[in-house]
Amino acid sequence: MPAFNLCGGHAALDLVNTLDDRFSADGPKELLVDYGELLRFTEQSQLLEARQVALLAKSISPAVAARTLRSVRELREALAAVLYAGVDGRPPPPAAIGILERRFHDASRHRELRWEGSAASLHGHPGMQWQWGRFAREAELPLWMLAQAASQLTLSNALEQVRACGADNCRWLFLDTSKNHTRRWCDMKVCGNRMKARRFQARHA
């Protein structure tokens, strides 16, 4: 299977982009087709390690995996509704905010506060940090990780840098960290070159 295109610059934006061709007249294309693809996406996003993916893939029942996948898609669509509203200058739907609130709270309830020595600490020195602890083997771990990523983005100043690709048939979301905040395309090699070619053909028609 081809790798996910993680051009969004943030796991929450890449999650929204897993519903491809969202605004296409032919209908969207689902990239998170099953729980295995969800695990692969979360690993490529560097939220899960390979050993965690292998453990979850072997230990999760099909019913629980399907339920988790539905919850991730619900999170994704609520996040998409809020972010596209912001990009288009519209107020976000209250129902979408309600879903995000519920998912953010749920993720927080499954974290444990631990003291870590310098060797195990993320910062290289002793201190407190949030961990998934006993919840790290649960099927919902990818859901909670993605909800946490969405929470971090939507509650930060980085939200102001969220843009939609300038190609009407794409509109993937990305974080515009360019110097002058003038980035227009999700991926210059894909949508950027395609739009350049269309403009060239129009000028020389």
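Rule-based calculations on the coordinates, nothing more; no lab input. None of these values were measured; they are calculated from a predicted model.
Numbers below:
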read-out	value
Theoretical gain in end-to-end length, ARG111 to GLU160 [0.36 nm per residue, Cα-Cα removed]	14.9 nm
All-pairs Cα distance distribution in the chain, expressed in whole percent, bin size 10 Å	8, 30, 34, 20, 6, 2, 0
Zero-based 5 Å bins, Cα pair distances in region 1-85, whole percents	3, 14, 23, 26, 20, 9, 4, 1, 0
Lysine pairs within the chain, Cα separation less than 30 Å, 8 or more sequence positions apart or different chains	5
